Structures are given as C-alpha cells and as structure tokens.
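For reference, the structure discussed in these notes is given below.
Throughout, read-outs are computed from the coordinates displayed, never taken from laboratory work. No experiment lies behind these values; they were computed from the predicted model shown. When we count neighbours, we look across all protein chains shown, and the Cβ atoms used for this are built from the backbone with ideal geometry, even at glycine.
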Amino acid sequence: KAGVTQTPRYLIKTRGQQVTLSCSPISGHRSVSWYQQTPGQGLQFLFEYFSETQRNKGNFPGRFSGRQFSNSRSEMNVSTLELGDSALYLCASSFGPEAFFGQGTRLTVV
Amino acid sequence: AQSVTQLGSHVSVSEGALVLLRCNYSSSVPPYLFWYVQYPNQGLQLLLKYTTGATLVKGINGFEAEFKKSETSFHLTKPSAHMSDAAEYFCAVSESGGFQKLVFGTGTRLLVSP
C-alpha cells in the first residue's frame, strides 16, 4: 500500500506570493490533517478534513486555508506569504486513531 | 486542553545502553498517546500507540512504552540502543473519540555514541 504522498518536496517562494501544497492520502483513508513544523514553534496543527469537510482548525491566520476533494486528496494554500511561513509542512492521513505522515514539503520564503 | 511535556531536549546514550525518553501528558478526557520518530529531512514515522487495553505497548525497532494513568506518563524505552536510533522523537496526544488532531511535545533528540 502506498504511503502518504506530498508534492512538491521543496519550494522557494518570495514574500507576498501564494503557494499551494498537495497531499495524497493512503488509499481508503478519509481524514487528512496538516501540520506546520518550525524550529521555534515545533509541530502545530493547522486543520483536518474528513469527507471534504473541515472538522477542526488550529490557531493560524486566515491566510492558511485548505480543501479536500472527493477522492480524499487535499491541498493547503497560503496566501500573502511571510518570512515566518518558512517551515516543513506535514500532511497526515488517518483511518483510525493513528496518523500516518508524508515526507513533508519544505517551504522557504525569501 | 491537552498538552505534552517531554523532559530533556537532548538525550545521549552509548550504543548498547538503555534508552529512556520521558513524556508526560495532560488531558481532560481519556487520551490516545503516540510516539513518533523523525529522521533529518523526513516526515514522522509512528513508533507505537496507546489507545485502550494493555498499558504496556510494543512498537517497531524494539521500542516500547507504558501508559501510567496515575502518573500521566507515557515514557519510551528500548533496552539496547543502536546507532540507527539517533533521531528526534516526539510524543503526542489526541482525544479518544475525537477528531484527528495531535498535540505534540517539543521533541527529544537522541544521540547515540559508539
């Protein structure tokens, strides 16, 4: 069974731009959640989607948004990028209590 | 609200020595508890989980953890460290029966010397 796939693995963007990250969950998993990992703040929950509906959201500004498609694939978007948005963005898919993570997308904002 | 405290941002052991990584949690409802490992520039790999039932749980690569409700702890152990165990380890908690949302500790970097 294929794992969680995140694309792209690396991104460099300029401050003020927007970016879209993609996540393909494990086949059969309907829950997809997103996390931001930075050296200063650690691992922080962004949001979770289940059957195309956002079920839970973390404490991030409205510039961070996401969506889920009918095939459970998910995207997250960050608009008006700031230097502080540089981070490793991790996607996880779940069927039960445990979450399985992808390799992450490393976003660098310059 | 839930929270996780990992004591020690760095732990150093010799190869073959016991590994003990500490995790204490706070939760107002019965928790689900997890340990994840992260290698450089990689995602998180699930080592083991506690949901219900047996309080001593065994995971991959020889790791195990014991859920102690009275101490609100879920410490990770391995009898004999291997060089390949050097990585960062994260303890996480989520609400049982709740939505999928993990609250992570700040992580412990395990250093293994020959």
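Starting from the Cα of B:Leu111, step 7 Å along the direction of its Cβ; do the same at B:Tyr39; then give the gap between the two resulting points in nm.
2.1
With charges only on Cβ, +1 for K and R and -1 for D and E, what is the dipole size of region B:46-92 about its Cα centre, in debye, rounded to 20?
Numbers: 5 positive and 5 negative charges, 34 e Å.
Using only the charged Cβ atoms, the result is roughly 160 debye.
If the cut-off is 26 Å between C-alpha atoms, which lysines fall inside it for B:Lys78, apart from same-chain ones fewer than 8 positions away?
The qualifying lysines are B:Lys49, B:Lys58, B:Lys68, B:Lys69.
Would you list which lysines come within 29 Å of A:Lys13, measuring only between C-alpha atoms, while excluding same-chain residues fewer than 8 positions from it?
Filter leaves A:Lys57, B:Lys101.
In what sequence do A:Ser86, A:Ser72, A:Ser33, B:Ser12 fall when counting other Cβ within 10 Å, fewest first? Could the numbers behind the result be given before it?
Working: A:Ser86 17, A:Ser72 21, A:Ser33 28, B:Ser12 13.
Ordered by Cβ neighbours within 10 Å, fewest first: B:Ser12, A:Ser86, A:Ser72, A:Ser33.
What does the convex hull of the Cα atoms come to per residue for region A:1-72, in Å³? Kindly include the intermediate steps, with their values, before the conclusion.
Working: hull volume 8.3 nm³, N = 72.
About 115 Å³ per residue, rounded to a whole number.
Of A:Gly16, A:Thr53, A:Ser31, which is farthest on the positive side of the dipole of region A:1-78, counting Cα position, with +1 on Lys and Arg Cβ, -1 on Asp and Glu Cβ, and the Cα centre as origin?
It is A:Gly16.
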